[in-house]
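Read through the structure below, which is laid out as structure tokens, and then see the notes.
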């Protein structure tokens, strides 16, 4: 499943692998860090998403653990260093790639 691949790439610090799961014109809206008063991370396009994940992986030791997985949604915990973010994500797929991904706290 594509969301399992997403988590695997996150756990490996593989920003290119993450970006390659998305369409060229993707929309990424991550509000998972609202619980720690961090603004939503909103990114348009695969190239920008790749650069964003590269920056995040350089700034933090990132890991994720799936709590519950469905076809296009998952509940998961993301760790930025020692900070745990309990998230839920929903993907809209187009031709086998993620066209839109929305993350919110759970």
Inset, instruction - Between 33, 51, 64, find the one with the highest GNM mean-square fluctuation for the chain; connect C-alpha pairs within less than 10 Å. - result: 51
Inset, instruction - Taking semi-axes √(5λ) of the Cα gyration tensor in Å as the quantity of interest, determine which of (1) 18, 16, 13; (2) 39, 26, 7; (3) 40, 13, 10 was computed from the displayed structure. - result: (1)
Inset, instruction - At 0.36 nm per residue, minus the direct Cα-Cα distance, what do residue 2 and residue 69 gain on full extension? Give it in nm, one decimal, please. - result: 23.1 nm
Inset, instruction - Mind checking the full-extension length gain between residue 11 and residue 48? Use 0.36 nm per residue of separation minus the Cα-Cα distance, one decimal, nm. - result: 11.3 nm
Legend entry - Relative contact order (%) - criterion: Cα under 8 Å, at least six apart; region: the chain: 29 percent
Legend entry - Computed [θ] at 222 nm, helices only, for the chain once each DSSP H run of length n ≥ 4 contributes -39500 (n - 2.57): -8500 deg cm²/dmol
Legend entry - Estimated FRET transfer efficiency (residue 60, residue 40; beta-carbon r; R0 22 Å; 0.05): 0.85
Inset, instruction - Pop a pseudo-label 7 angstrom from the Cα along the beta-carbon direction at both residue 20 and residue 77 and give the gap in nm to one decimal. - result: 3.0 nm
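Readers should treat all values here as calculations from the given coordinates under stated rules, not as data from a laboratory. The structure presented is a predicted model; accordingly, all values stated were derived computationally and were not measured. Backbone-built Cβ (ideal geometry, glycine too); neighbour counts: all protein chains shown.
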